Amino acid sequence: MAAPRARRYDPERRQRIIDAAIRVVGKKGIAGLSHRSVAAEADVPLGSTTYHFATLDELLVAALRQANEGFAKVVAAHAGLRDPRTDLAAGLAAVMGEWLAGERTGVELEYELYLAALRRPALRPVAAEWCQGVTDLLSHRTDPVTARALVALMDGICLQVLLTDTPYDESWAREMLRRLIPPAERAS
């Protein structure tokens, strides 16, 4: 009788499954996501995907959290957004321009996962975390109500660019953002 095969220790497997889910959604959309398609993409046994993520919603939550990091990294790279001496509208318009000028598939993927929350309630808290995180960042420069309005406007501008294939107009975005920011909070 053959000895049972030892399990291979693979501490990176969960992350590889998340990365594979993001690639699958990038290639096939949310509709193409299944435990089987992710297992094939990650080159892991099917049981590994269900071990780490019992449901597709759990996997989508992990993928959305990771995808949200893309915009957060762009925002974090602009430390000037926290500096009250800088023009907040110009900084935000530049951040959106940098993000939208990035790899298009990644930007579209972030929004596809974000908008999947419309039909998948399990994703809503993660989408709300993204909005709240950016709102909290902007609340250091303006009041919370204005910060929330700025996030909504940035979301709208990004969606219009993505959905209409309209080129991003940074000067227009800067002007629209500036209209929401009270004059005393624009820059010192």
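The values are calculated or read from the model by the stated rules, or taken from the named source; none is laboratory data. Computed from a prediction, not measured in an experiment: that's the story for all the values here. Counting neighbours? That spans all protein chains shown, and the Cβs are built from the backbone with ideal geometry, glycine included. What goes into the accessible areas is simple: the full protein's heavy atoms, side chains included, and nothing from ligands, DNA or RNA. Shrake-Rupley method; radii C 1.70, N 1.55, O 1.52, S 1.80 Å.
Listing for the model above:
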quantity: Equivalent ellipsoid, the chain (semi-axes from 5 times Cα gyration tensor eigenvalues, Å); calculated: 39, 16, 14
quantity: Exposed-loop-free span, longest in the chain, where trypsin sites (Lys or Arg not before Pro) count as exposed if DSSP calls them loop and at most 11 other C-beta atoms lie within 10 Å; calculated: 9-84
quantity: Only Lys, Arg (+1) and Asp, Glu (-1) charged, at Cβ; the chain dipole about Cα centre in debye; calculated: 620 debye
quantity: Only Lys, Arg (+1) and Asp, Glu (-1) charged, at Cβ; region 4-68 dipole about Cα centre in debye; calculated: 160 debye
quantity: Spatial separation of Cα centroids for region 45-68 and region 115-188, in angstrom; calculated: 27 Å
quantity: Share of carbon and sulfur in the accessible heavy-atom surface of the chain [1.4 Å probe, %]; calculated: 56 percent
quantity: FRET efficiency, 1/(1 + (r/R0)^6) with R0 25 Å, evaluated for His78 and Asp169 via beta carbons; calculated: 0.85
quantity: Among Tyr168, Tyr114, Tyr51: highest mean-square fluctuation, GNM of the chain, C-alpha pairs under 10 Å; calculated: Tyr51
quantity: Whole-number accessible area per residue in Å² for the chain, which is evaluated in the context of all protein chains at 1.4 Å; calculated: 56 Å²
quantity: Computed helical MRE - 222 nm, the chain, DSSP H runs ≥ 4 contributing -39500 (n - 2.57), nearest 500; calculated: -22000 deg cm²/dmol
